[in-house]
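Take a look at the structure set out below.
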């Protein structure tokens, strides 16, 4: 399915704010005193992913701001029978097209999206 955006809206870039929550699971180790907590694992993964976002250019995407101020939170996963930590990151970016934005957003860590600009979009099926 292709999307069509009005000509006047195409003149502007899309500005979006996205939230990703990076998951951290503690790995069982032979030495329990060396095992990092799920929170530590989530924070390390978040730092690695943010470094990649800042340093690796993506076609059609311009990163404006990355915020890692959210506290790491923990949830008990009944399937795994262990605690899982999540480290949130908010990314504000410009996209050349809606296709570029969707390609950037669609990840396992994706949680929420907010469209900042334009104020409204009219999408039609082609």
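The values are calculated or read from the model by the stated rules, or taken from the named source; none is laboratory data. Just so it is clear, the structure is predicted and the values come from calculations on it, not from any experiment. Positions of Cβ are backbone-derived with ideal geometry, glycine not excepted, and every protein chain shown enters the neighbour counts.
Of all strands (runs of 3 or more DSSP E) completely enclosed by segment 47-126, which ones contain at least 3 residues that are closer than 15 Å to residue 13 by Cβ and touching a residue at least 60 places away in the same chain (Cβ under 8 Å)? Write out each step before concluding.
On the way: elements: 61-67, 73-77, 82-95, 110-117.
Passing ranges, in order: 82-95, 110-117.
Answer yes or no: is there a residue in segment 56-74 that is modelled with pLDDT of 90 or more and more than 17 Å from the chain's Cα centre (by Cα). Yes, there is a match, as at least one residue in segment 56-74 is modelled with pLDDT of 90 or more and more than 17 Å from the chain's Cα centre (by Cα). The numbered conditions (1) within 30 Å of residue 121 (Cα to Cα); (2) at pLDDT below 95; (3) surrounded by 14 or more Cβ atoms within 10 Å (Cβ to Cβ) are all true for residue 90 except (2).
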